[in-house]
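Enquirer: I'd like to ask you about the structure that follows.
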Amino acid sequence: MWIIFAFGSALFAGLTSILAKCGIKNTDSNVATALRTIIVLIFSWIMVFISKSQSTLYNINTKTLIFLILSGIATGASWLCYFKALQIGDVNKVTPIDKSSTILTMLMAFIFLGEEITFIKGISMILIGIGTYLMIIKKENVTVENKSNAWLIYALGSAIFASLTSILGKVGIENIDSTLGTAIRTIVVLIMAWIVVFVSKKQNTIRDIDKNSWIFLFLSGIATGGSWLCYYRALQMGPASIVVPIDKLSILVTIVFSYIVFKEKLNKKSALGLLLIVIGTLSLLF
């Protein structure tokens with residue numbers, strides 16, 4: 001059952017990237033992240049009351065609460081980096097780097113959670129690493145001078161914080177309902193996102209957001225909520241070193257829609273890289 005939830009997470013996560021890219025086209029990325037988080041928070045708490053898990057709120061111990069808070073902080077940092085990278089970079093370049101957090105997660109799961117790195121997992125990590133490299137190297141006709149690398153820094157930050165999110169989240173939801181854990185984490189993300197907005201003094205730009213951007217931000221928030229609920233349910237039931245890679249298959253959904261919506265095409269190296277990432281990820285299921 002956890003595999004179904006993991007694939008559901010991948011589908012919604014893929015849609016999130018495209019919808020968010022549309023929503024932040026004419027909006028400050030930090031403001032967009034803060035607004036999206038409001039939608040995610042509402043959605044996640046609705047699911048808490050539907051599942052009637054709010055009754056267990058008072059049973060949360062200190063350790064669980066600390067890890068949920070830390071996971072929320074890591075998630076907020078990952079989001080802020082990711083959506084900034086999406087705003088200034090191509091979807092089919094940013095997404096592979098974000099998804100390379102799979103490698104970091106497997107290493108952290110080995111170090112902190114004691115999850116074994118088998119021969120297959122080792123090969124998978126190599127394939128994913130090579131695939132990611134092939135997808136982000138510059139096209140032959142693009143020079144360093146003509147293309148800023150700022151997006152790359154933000155994308156790498158997103159991957160690092162996403163890995164921390166998975167490990168901290170795994171520990172944080174061990175003894176509570178995953179839906180409730182997701183909702184609590186979202187509160188932390190929301191606070192962090194709005195602190196960044198006010199520190200950067202971007203709150204006044206909210207009134208300049210156009211109707212289409214509002215729609216896409218709302219839809220991306222719903223997609224994110226769906227992805228989180230599936231992801232942390234899968235993470236609670238299955239091993240982090242396998243759940244996370246399946247979730248990262250959202251790259252397929254993202255790449256397909258980036259071509260349809262933004263006309264972003266893959267060159268031969270990028271296509272080969274995508275194939276290696278998918279093969280490496282799917283091999284973790286066997």
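Enquirer: For region 114-126, indicate whether the set of residues that are in a helix (DSSP H, G or I) and touching a Lys or Arg at 6+ places or on another chain (Cβ under 7 Å) is non-empty.
Expert: no
Enquirer: Further, regarding this structure: Can you tell me which condition Phe49 does not meet? The list is (1) in contact with a Leu (Cβ under 7 Å, 6 or more places away or on another chain); (2) surrounded by fewer than 19 Cβ atoms within 10 Å (Cβ to Cβ), and all the others hold.
Expert: (1)
Enquirer: Filter region 15-43 down to the residues that are touching a Phe, Trp or Tyr at 6+ places or on another chain (Cβ under 7 Å) and small (Gly, Ala, Ser) and list them by number.
Expert: Result: Ala20, Gly23, Ser29, Ala32, Ala34.
Here, each number is a calculation from the coordinates, and none is a lab measurement. What you see is a predicted model, and the numbers here were worked out from it, not measured in a lab. For neighbour counting, all protein chains shown are included, and Cβ atoms are generated from backbone atoms with ideal geometry for every residue, glycine included.
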